Structure formats: C-alpha cells, structure tokens
C-alpha cells in the first residue's frame, strides 16, 4: 500500500527524492572533509628567543614572548621571524604565559601557577612602541589556578582560561566585565567565573593534551575565538563580541594541530589566518605555522565545519519551497491514492 501511495504522488508530480527523505527534508550524508593544512610561515632563529609561549600578530609585525625564565622581554619580529627590536617588560614577571593586544598596547598574561600557590595573578600593560607600562593584579574568587590562556574581547574585557589536566577548564573575567582600561592599578581587582569550557563532544577521546589549554586569541573582527591545547585548536563563533559567552556556551569546531614539541602560542592575523607556535625542541625553536583563512571554518552565530550538512538542509528558502510543493501536490494526489485503494 505504501508503494502504491508513493507511486501516485510521484505521478502527480512530486519528486521521489522528497518523499523518501527524512523529515528534515533531504539532509544527506556529509561529504568527507580534508583536515586543514598548516604551512610554515617562518622559523625564529634569534638566540634570545629561547622559548615561545605567547604570540600576537598585527599587520606585518609579530610580537612574541617566552614563559617563566625567558619572559623579561618581548621580541618584535617581521613575517620572516627576523627580530628587529626587544621591548623590555616594565615589571619583573612571575610567569608570563600568553599575550594579547589592543590598538596601542600589549597585554601580558602573567598567570602561570603550576603549583597553584599564588595569592594574585597579573596583567602587564606594555606600550607597543616604547615598552613602557605597569602591572595590574587580579584575584580569583575560588582559590589559585594555573592558567596559560589570555583573550581580550573587542570591548577590552580580559578573559583568563585555566589549564586543568582533568576536568573542565574555567573562564574568568574582572567582576562586572571591567575592561583593561578600567582596571585599578595596581589592584588587586577581583575576578568572577564566567563558566566552564566543555569541548568533550569534539575533543579527541583519550588524548589528555587535547583539553589542556595553553593559549588563546580573538580574530581582528571579533567574530571568532580560538583556544588551543597541545594537540588541537578549538574555534568558537562569537556573537556581538561576547567572547566569554561563546567559550562557555558555544559549540566549538576542533582543528587538529600538527605535531609540536610543546605547543602553547596561537594568534590570528588581521586577515583571519591562524598562527601557531611552540616552545623549543633540543634548543631550537620549531617554525611558526599558519592556517590560512581559519576564520572561514566557522560561521558567526553557529559553528559548522565546511561540508557538515548538505546545501539543501541548511537553506531555509529551499526548505520552505519543499514544504509548499509537498502541501500543494499532496492535496491533488489524494485523489490518486483513493483510486489506487479502490482498485
């Protein structure tokens, strides 16, 4: 009986593909997608840059810094990794782990705390031209945390993401969403918890390093945030510049990273490419690598990897047309169905 009814509807002009599709109207199996490929941008060779833990890209300039023990100066490099200048950090750091930037300043995330014993962590402001600046202390609401990830929202609100070996990592910001320009100096300013990052749905199962976050960045247009681990980078679509909400409630697209000795740095270029860098292997820094057009991997307002759904199922116009055709033809086809039954 079902085959006869379908035959009558087809005879009335309704395509068979619509009738045999799921209720979602023809969502097909997604085509296989290729793993995004990173290329070598350049390889740092300056002996003073013994480690690379934080990275910022601005125009044709790169700013790079190491972590504890090599975090007393910021290297200013071109896109061939040639160091043109060193900016001395204006205060004695404890353990700088990441770096972010505004139009005029660099912000160093002095948040490393492997033993979880610091009473305060800090952000250090540095003028991008002179290196002059000062320290801003911060306090967690729930005890000490180790953190290696700093992001700046487009409105200047700093976000710190903790680094946990097991369990979810958490996102913190100054209470009330205070921007870096409004922080008390030297503080301390209290932090509040925004929420937890849960990437368990996309993380590589069984890979511990996949969820140990070591660096973060926000695209120049504020529509995509990246948080990296030792083995992967997670790209989050951002709505209305609210990076904190995107990290704790958005769905991430996971991009596997090429093998690195100890990958900790990530940055966006102005055009939306993604840069990654690592600490050293056998005394030599590995190359800074680039994933071109990385921001195109996610769509602001809803994260979808390319090819995840068919064009049909993601198009409300075609979906609506399908419903109209289905409704209009079904009424006419009922006559044919009744004739089939009578026969």
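Bear in mind that the values in this text are calculations on the coordinates, not laboratory data. If you're wondering where the values come from, they're calculated on a predicted model, not measured in any experiment. Positions of Cβ are backbone-derived with ideal geometry, glycine not excepted, and every protein chain shown enters the neighbour counts.
Table for the structure above
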read-out: Residue exposure sequence - 194, 161, 76, 166 - by fewest surrounding Cβ within 10 Å; value: 166, 76, 194, 161
read-out: Using a Förster distance of 25 Å, the FRET efficiency for residue 292-residue 251 (Cβ separation, nearest 0.05); value: 0.60
read-out: Normalised contact order of the range 39-297, rounded percent, pairs of Cα under 8 Å and 6 or more residues apart; value: 18
read-out: Ranked list, fewest to most other Cβ atoms within 10 Å of each Cβ, for 189, 58; value: 58, 189
read-out: Ranked list, fewest to most other Cβ atoms within 10 Å of each Cβ, for 138, 123; value: 138, 123
read-out: Length added when fully stretched, residue 155-residue 45, from 0.36 nm per residue minus Cα-Cα; value: 36.1 nm
read-out: Distance between the range 102-172 and the range 248-268 - C-alpha centres, whole angstrom; value: 18
read-out: Distance (nanometres) between label positions extended 7 Å along Cα→Cβ at residue 271 and residue 198; value: 3.9
